[in-house]
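First up is the structure itself, then whatever we jot down about it.
The values are calculated or read from the model by the stated rules, or taken from the named source; none is laboratory data. The structure presented is a predicted model; accordingly, all values stated were derived computationally and were not measured. Neighbour counts are summed over all protein chains in view; Cβ atoms, including those assigned to glycine, are modelled from backbone coordinates with ideal geometry.
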Amino acid sequence: MNIDGRAYRTIWVEEAHGAVSIIDQTRLPHDLVVVALATLADAARAIKTMQVRGAPLIGVTAAYGLALALRHDASDTALAAAAATLATQRPTAVNLAWALAQMQSALAPLPPAARTKAAYALAARMADDDVESCRHIGQHGLAIIRTLAVQKTAGAPVNILTHCNAGWLACVDWGTATSPIYQAHEAGMAVHVWVDETRPRNQGAALTAYELGCHGVPHTIIADNAGGHLMQQGAVDMCIVGADRVTRNGDAANKIGTYLKALAAHDTGTPFYVAMPHSTIDWHIGDGRAIEIEERDAREVLQMTGRLADGTVATVDIAARGSPAANPAFDVTPARLITGFITERGVAPASADGLAALYPERLL
Ligand code: MRU
């Protein structure tokens, strides 16, 4: 998608020297900074510190992280050790484990001398596949938006609420939750996005609003607590969120606060969709109770970072010194609160049968 009229992806290879470039998301929206990852340690740090974040992008970064590691040592031991290092950087998004498993099963049978080139090629294919998946998610979601648009008075926008950043910055391009929105916008439809700020790290205010703004999509940032009220007022036509891990029965882990939005949507009869690619489905877990929820640093709750009047970016305390804080980073929305999944293969009910109908090969 576009920044200042230039099309970007979130991750790409510098052909001259093989380093992997990323947009440092800890610096957005104040500074657009591209960082080069040259080593396994660089890739691991980028995932851990959330220079890259969002389930699909974490997976693709890990795939490239293996390629970077193999440049220095392509032995069996090094491959296994690099995958183990990358796998432990963040626990909740299953795309990380999925990407590493794909890479390892393709690379391990190859002779070490052939592994590095193959790893770059596989990671590039994974990135391209993610772009295609997200594009298809957008097409299927666009059909839902079109249905809602015909029920609106002429010219009135379809109002879509989203939580966290499940946009192109969380993927390689398009995004999951935002792909239907971008495609509706590009088709000339009137859409408007309610952007949950998404405390404590503010991915909505800092990232989703930034990327929608850069691409010219009308949007309004709201405090996380405002969504229920807006749904009661009839100001939200649908919610679309992303997911970090969807279990076999259709429970969906996503950024903390998603569950509360789903409850409000259920109470008000607002359609609540979860958009995700196949790489976010964990076929090994029966339901959401088994999902590991990442507990992050309390400082994310106790402090905020922003731009001061003089242009400098600073971090300030927002709570009384010494107050403790808890920071669970994800919650699980039960399948019964989800209207449907929007995937690259189409829209399905949030249930074991719904997922199995979309991915019948997983039943074999
Ligand atoms: O902690 P984050 O910023 O990595 O959390 C991201 C989310 O929860 C996204 O909504 C999710 O990964 C879907 S990304 C398309």
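Where residues in segment 321-356 are within 16 Å of the ligand (Cβ to nearest atom) and β-branched (Val, Ile, Thr), which of them is farthest from the chain's Cα centre (by Cα)? Checked segment 321-356; the qualifying residue farthest from the chain's Cα centre (by Cα) is ILE338.
Contact map, segment 40-56: residues that are of a type in the set (D, E, K, R) paired with residues that are away from the ligand (no atom under 15 Å from the Cβ) and assigned to a helix (DSSP H, G or I), Cβ distance under 9 Å, separation 6+ or inter-chain. Pairs shown: ASP42/GLY65; ASP42/LEU68.
When TRP98 is tested against (1) more than 15 Å from the ligand (Cβ to nearest atom); (2) under 18 Å from ALA118 (Cα atoms), just one condition goes unmet, and that condition is (1).
Of the residues in segment 333-351, none is closer than 20 Å to ASN202 by Cα, surrounded by 13 or more Cβ atoms within 10 Å (Cβ to Cβ) and of a type in the set (A, V, I, L, M, F, W, C). Could you go through segment 32-54 and let me know if any residue there is closer than 24 Å to VAL274 by Cβ and touching a Cys at 6+ places or on another chain (Cβ under 7 Å). Yes: one or more hits.
The single condition among (1) more than 22 Å from ALA166 (Cβ to Cβ); (2) under 23 Å from the mean Cα position of the chain (by Cα) that ALA74 does not meet is (2).
Residue count for segment 3-40, restricted to those that are more than 18 Å from GLY175 (Cβ to Cβ) and in a strand (DSSP E or B): 7. For segment 63-76, the count of residues that are within 13 Å of the ligand (Cβ to nearest atom) and at pLDDT 95 or above is zero.
In segment 49-60, the qualifying residues are those that are within 11 Å of the ligand (Cβ to nearest atom) and assigned to a helix (DSSP H, G or I), and the one that is surrounded by the fewest Cβ atoms within 10 Å (Cβ to Cβ) is ILE58. Among residues belonging to segment 15-36 that are more than 20 Å from the chain's Cα centre (by Cα) and over 21 Å from GLY306 (Cα atoms), point out the one that is surrounded by the most Cβ atoms within 10 Å (Cβ to Cβ). Per the criteria, the residue is ALA19. Based on what the data block shows, is THR147 outside the structural domain of ILE23 (by TED's automatic domain parsing) and within 13 Å of the ligand (Cβ to nearest atom)? No: the conditions fail for THR147. The residues of segment 77-95 that are within 16 Å of the ligand (Cβ to nearest atom), in a helix (DSSP H, G or I) and of a type in the set (A, V, I, L, M), listed by number, are LEU86, ALA87. State which residue is surrounded by the most Cβ atoms within 10 Å (Cβ to Cβ) when the search covers only segment 284-301 and only residues that are of a type in the set (Gly, Ala, Ser) and in a helix (DSSP H, G or I). Result: GLY288.
So, LEU107, is that one closer than 23 Å to ILE285 by Cβ and either assigned by TED's automatic domain parsing to the domain that holds GLU15 or not hydrophobic (A, V, I, L, M, F, W, C) (or both) or not? Judged against the criteria, LEU107 is not a match.
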